[in-house]
Amino acid sequence: MALAARLLPGRVAGILLTLFLASGIRAAEAAAFTPAQALDFTRAGDLHLSPDGKKLAYIVVSYPLDWTPRIRVLDVATGEAREITPAKKSDRSPQWSPDGKTLTFLSNRGGHTQVYMMPADGGDATPLTSAKNGVSAYRWSPDGKSIAYLAKDDTAPSEDDGPQVADDERQLERLWTIDIASKNVTRLGETGYRIDEFQWQNPSRILIAASAKPRVEEDIDAIYGISVPDGAIAKTGQPPLPFEYLMVSPDGKQFAVHATRALGPEPRDLFVGTIGGNDLRDVSQSVDRAVVQMQWRGPSVIYMSVEDGFYTRLYKLAQDGKAEEIKLPLSIGAFDVAQNGAIAFVGEDFNHLEEIYLRAPDGAIRQLTHMQNVPVAAHLAPTTLFHTKSFDGTDIEAALVRPANARGKLPLVLLVHGGPSSRFTAGYYWETAWAQLLASHGYEVLMVNPRGSNGYSEDFMKANRGDWGGGDYKDLMAVLDAVIAKGGTDPNRLGIGGWSYGGEMTMWAITQSNRFKAAVAGAGVYDQAAEFETEDGPQGDEWYFGTPWEHPEIFARNSPSTYIGHAKTPTLIFDGEDDEANPVGQSKGFYRALKHLGVETQMVLYPGEGHSPRKGSYNIDMFQRLLDWYEKHLQRK
């Protein structure tokens, strides 16, 4: 709160103070809340202002509704929002037609996901496409006469058609166009390409980000142009790899991508170049922070959100690379910019749950939505940001959540974020819900952004390459020791936990130290080589470690399995049975080893769930189990 206010003009800081007082936060007076209350929050994203700026379409998700995306349309003048998604259905990817008269979106309301369209002023939604296997993505043409979309051929075999052949080319999605007036469908391009993204350059040409060798599980995408009249395809650009978020300038002359100077592990820089030219350049280098979202406005201006520590800022970037920060009172999520310069954005921080706001061209800010329920806001414990020097002098940023008016030395849980090239942020989401649940029950919770986290310099993000459990683990321990030294933490009642990379670091920590009395490991990696051989998309791990057949010693050195014989900490393990990112065998192997060693452990698997469980009842179950686990082993006084 203080940090945001210090950076903002008096008028905006006053707005923030008003929002804070209006939020009803009384953490010092609130009783501990339940897992169901902790998970009863709403997240918003994919904001799209209508061409005239009068309406805003956006996505909302929540655990009470199993994290199923739903579309709401809001009247910007009145703030009145209506949800257009039927009960128990899923809608996403809202887009306005260029003339603003039609709203389109992807929906499964009729079975397979199709493009639906409805009048902007309301009315019934009707399907535009009828792809047998459904549509995954679509885009309006600049002239509003047609829509391009990705879908498999109707002849592609389904999972019910018997034996499944790996890398079957028939499973690749193809690019299609449909004429709005006649409903005529045309398939574009050639076979043999895996198309990951596409954007219209003009009504007669579409740019695609695609791989010409789809069997190769490496980052080898390039930019190609497809002629709409005849389907001819030609390579037109090669951004640094990996890259994503292909965009085309409004005049159709330039393109932009989210790529990286470091050639991995994550795209974080904004590159702009002439279509068909050889002048692609990093225009965000002066910021030296990770770019999150980009939006072109006019031929020479791009708006971009940028990760800056625990916060996300908004910048206006001129083509010469000069970046001007647009001061906003909160850390931002998704945003959209109207033709007149008004900005709709999702805002949040440690004291405020997500809402959507509008920044007028004159800088005035107005809250548009009131999405959240009272119970969560009423239990938010204070969160303090601070910096610590690690073992080698590296500056590490962290956040400490501590119950208001706490007395004496408290038990502490070290919560580790996923990634590794992710970060903790100022806001309320799944990981901080975990933290706030524990804080409301009397725990301190420490959230650290160690080396390898995004939100800082490129060198900082690359600093744990080939070294998971090395410098990053030492960063976590250095910050933990600094907190303990302040005197408010009971060093004999320490817990650790996290999901994905956070789960892996939990596995790692209990093989390196017996200081933790309880651990919770969600969807982690136990054996790096086995995970590389079974995960969906090993490109990121290859950037960090190479391949296990070329560098077995690096994979072994970075695997908790190598050191599991030292583990003694009671550990609760979670995973989704259908996890393809860190396959469930990783959790099972970890569980088997702990059982064999006589370490107290329990494993809970959630049927039908992937890497991030979505079902609300499963998440409530998970939160109750982890709360009980820490309670049992940390024994609050």
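The values are calculated or read from the model by the stated rules, or taken from the named source; none is laboratory data. In this text the structure is predicted, and so the values were computed from the model without any measurement. Cβ: placed from backbone, ideal geometry, glycine included. Neighbour counts: every protein chain shown. Heads up: the accessible areas ignore ligands, DNA and RNA and are worked out on the full protein's heavy atoms, side chains in. Shrake-Rupley method; radii C 1.70, N 1.55, O 1.52, S 1.80 Å.
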When region 70-89 is examined, which residues are found to be more than 22 Å from Leu358 (Cα to Cα) and surrounded by fewer than 19 Cβ atoms within 10 Å (Cβ to Cβ)?
Pro86, Ala87, Lys88, Lys89
Go through region 526-637 and tell me which helices (runs of 4 or more DSSP H), entirely inside it, have 2 or more residues that are surrounded by 15 or more Cβ atoms within 10 Å (Cβ to Cβ), at pLDDT below 95 and under 28 Å from the mean Cα position of the chain (by Cα).
539-545
Could you please find all residues in region 113-136 being assigned to a loop (DSSP other than H, G, I, E, B) and touching a Phe, Trp or Tyr at 6+ places or on another chain (Cβ under 8 Å)?
Ala120, Ala125, Leu128, Thr129, Ala131
Yes or no: region 150-157 includes at least one residue that is outside any strand (DSSP E or B), over 30 Å from the mean Cα position of the chain (by Cα) and among the small types (Gly, Ala, Ser).
yes
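Run down His387, His441, His417 and say which single residue is open to solvent by 30 Å² or more (accessible area, probe 1.4 Å), in contact with a Lys or Arg (Cβ under 8 Å, 6 or more places away or on another chain) and either of a type outside the set (Val, Ile, Thr) or free of Cβ contacts under 8 Å to residues at least 60 places away in the same chain (or both). I'd like the intermediate steps shown before the answer.
On the way: His387 fails: in contact with a Lys or Arg (Cβ under 8 Å, 6 or more places away or on another chain); His417 fails: open to solvent by 30 Å² or more (accessible area, probe 1.4 Å).
Exactly one residue qualifies, and that residue is His441.
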Positions within region 114-139 being surrounded by fewer than 20 Cβ atoms within 10 Å (Cβ to Cβ), closer than 16 Å to Arg187 by Cα and among the hydrophobic types (A, V, I, L, M, F, W, C), in sequence order:
Leu128, Ala137
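Condition check ((1) closer than 15 Å to Tyr501 by Cα; (2) open to solvent by 10 Å² or more (accessible area, probe 1.4 Å)) across all residues:
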residue	(1), (2)
Gly452	yes, no
Asp467	yes, yes
Asp472	yes, no
Leu480	no, no
Region 194-232 - residue that is surrounded by fewer than 19 Cβ atoms within 10 Å (Cβ to Cβ) and in contact with a Gly (Cβ under 6 Å, 6 or more places away or on another chain) and, of those, farthest from Leu150 (Cα to Cα):
Asn202
One residue from Thr155, Thr186 being at pLDDT below 95 and open to solvent by 60 Å² or more (accessible area, probe 1.4 Å)
Thr155
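If I ask for residues that are assigned to a helix (DSSP H, G or I) and more than 12 Å from Ala398 (Cα to Cα), which ones from region 478-488 would you list? Outline the logic, then answer.
Of all residues in region 478-488, those assigned to a helix (DSSP H, G or I) come to 478-485.
Selection gives Asp481, Ile484, Ala485.
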Which residues, taken from region 315-335, are free of Cβ contacts under 8 Å to residues at least 60 places away in the same chain, part of a strand (DSSP E or B) and surrounded by fewer than 23 Cβ atoms within 10 Å (Cβ to Cβ)?
Tyr315, Lys316, Ala318, Ala323, Glu324, Glu325, Ile326
By my count, strands (runs of 3 or more DSSP E) wholly in region 336-382 with at least 3 residues that are open to solvent by 10 Å² or more (accessible area, probe 1.4 Å) and within 19 Å of Tyr58 (Cβ to Cβ) are 352-359, 365-367
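If you go through region 390-401 one residue at a time, do you hit one that is in contact (Cβ under 8 Å) with a residue 12 or more places away in the chain, hydroxyl-bearing (Ser, Thr, Tyr) and closer than 22 Å to Ser331 by Cβ? Steps first, please.
At the first step, the residues of region 390-401 found to be in contact (Cβ under 8 Å) with a residue 12 or more places away in the chain are 390-392, 394, 396-401.
When the remaining residues are screened for being hydroxyl-bearing (Ser, Thr, Tyr), the result is 390, 394.
Of the ones still in play, those that are also closer than 22 Å to Ser331 by Cβ are none.
No: region 390-401 contains no residue that is in contact (Cβ under 8 Å) with a residue 12 or more places away in the chain, hydroxyl-bearing (Ser, Thr, Tyr) and closer than 22 Å to Ser331 by Cβ.
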Residues of region 233-242 classified as buried (at least 21 other Cβ atoms within 10 Å of the Cβ) and more than 16 Å from Asp279 (Cβ to Cβ), total:
1
Could you go through region 507-518 and let me know if any residue there is under 22 Å from Asp541 (Cα atoms), touching a residue at least 40 places away in the same chain (Cβ under 8 Å) and among the β-branched types (Val, Ile, Thr).
yes
Tally, over region 304-314, of residues that are in contact with a Ser or Thr (Cβ under 6 Å, 6 or more places away or on another chain) and without any contact (Cβ under 8 Å) to a residue 24 or more places away in the chain:
0
Cβ pairs under 7 Å, 6+ apart, first in region 347-364 and over 18 Å from Leu74 (Cβ atoms), second part of a strand (DSSP E or B) and at pLDDT 95 or above
Asp349/Ser331; Phe350/Thr383
Residues located in region 90-113, provided they are among the hydroxyl-bearing types (Ser, Thr, Tyr) and either surrounded by fewer than 12 Cβ atoms within 10 Å (Cβ to Cβ) or over 16 Å from Ile180 (Cβ atoms) (or both):
Ser90, Ser93, Ser107, Thr113
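Only residues that are small (Gly, Ala, Ser) and within 23 Å of the chain's Cα centre (by Cα): list them for region 202-255, please.
First pass over region 202-255, keeping only residues small (Gly, Ala, Ser): 204, 209-212, 222, 225, 227, 231-232, 234, 237, 249, 252.
Once the filter is applied, which keeps residues that are small (Gly, Ala, Ser) and within 23 Å of the chain's Cα centre (by Cα), region 202-255 yields Ala209, Ala210.
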